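As structure tokens, the structure follows; a few thoughts come after it.
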Amino acid sequence: MSSFRQAFKDQTTLYVFVAVLFLVGVLFGALMVNALSLEQQQEMARYLNHFFVNVQDGGEAMSQSSYWSIAALHLKWIGLIWILGLSVIGLPGILILDFLKGVLIGFTVGYLVGQYSWKGLLFALVSIAPQNLLIIPVLMMCSVAAITFSLYIIRDRFIMNRGGSMMKPFASYALLTFCMVLLTLGVASFETWVTPVMMRWVTPMLL
């Protein structure tokens, strides 16, 4: 536990950097809503109205197959970050993924609020916020671990030209990612069976 706290303390700068990058993405995504044409806004409004009707009618009842679809979506982000961390040259890609995640959330919340005012904000709070309160820290931890591992390889293998074993840093990197995967599976359970119930509480206000 003490080693975990020390590692977190050593990586504070990276956590701050990734968090700021994500927040910039959120802001950028929210501003993108204003760039939508009237036709695009109408198309999205039709899609959302159909989605709300489907939710209200119980069409969003989730099953085990839905659970694995949701889990796979989150795990793809984690897996891609992990692979980019291993590749070293994929280091910028990790930052791009964090930024894109922020853009997606910012755009979704921004559109809901812009289109439905406080009712849209309430829907975002029950449909988007709960699982992302855990998923976003998970992705941030995976990103920081991937960046740290990449920087370790660059520093020790290419700059200082050391030939030591890579097993310990790789094992730590893989273990942290595995723990984040397990946590993500739990979050996917919440998103599959709890989130749709909360969404049905709010959708009547939006129809």
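Quick rundown of the values:
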| read-out | value |
| --- | --- |
| Ordering of 81-94, 135-148 by burial proxy (mean other Cβ atoms within 10 Å per residue, highest first) | 135-148, 81-94 |
| Under 27 Å from the Cα of LYS76 - lysines, other chains or at least 8 residues apart | LYS101, LYS168 |
| Ordering of 37-49, 113-125 by burial proxy (mean other Cβ atoms within 10 Å per residue, highest first) | 113-125, 37-49 |
| Compactness relative to 2.2 N^0.38 Å, alpha carbon Rg of the range 63-125 | 1.47 |
| Translational diffusion coefficient (Stokes-Einstein; Kirkwood radius from C-alpha pairs) of the chain at 10 °C, 1.306 mPa s, in µm²/s | 84 µm²/s |
| Solvent-accessible area, 1.4 Å probe, carbon plus sulfur percent, for the range 13-86 | 68 percent |
| Residue of LEU151, LEU14, LEU23 that the Gaussian network model of the chain assigns the largest fluctuation, springs spanning Cα pairs under 10 Å | LEU151 |
| HIS74, HIS50, reordered so the largest accessible area comes first (probe 1.4 Å) | HIS50, HIS74 |
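The values are calculated or read from the model by the stated rules, or taken from the named source; none is laboratory data. The structure displayed is predicted, hence computed values, not measured ones. So basically every Cβ, Gly included, is an ideal-geometry build from the backbone, and we count neighbours across all protein chains shown. Ligands, DNA and RNA are stripped out before the accessible areas are found, and what is left, the full protein with its side chains, is counted by its heavy atoms. Shrake-Rupley method; radii C 1.70, N 1.55, O 1.52, S 1.80 Å.
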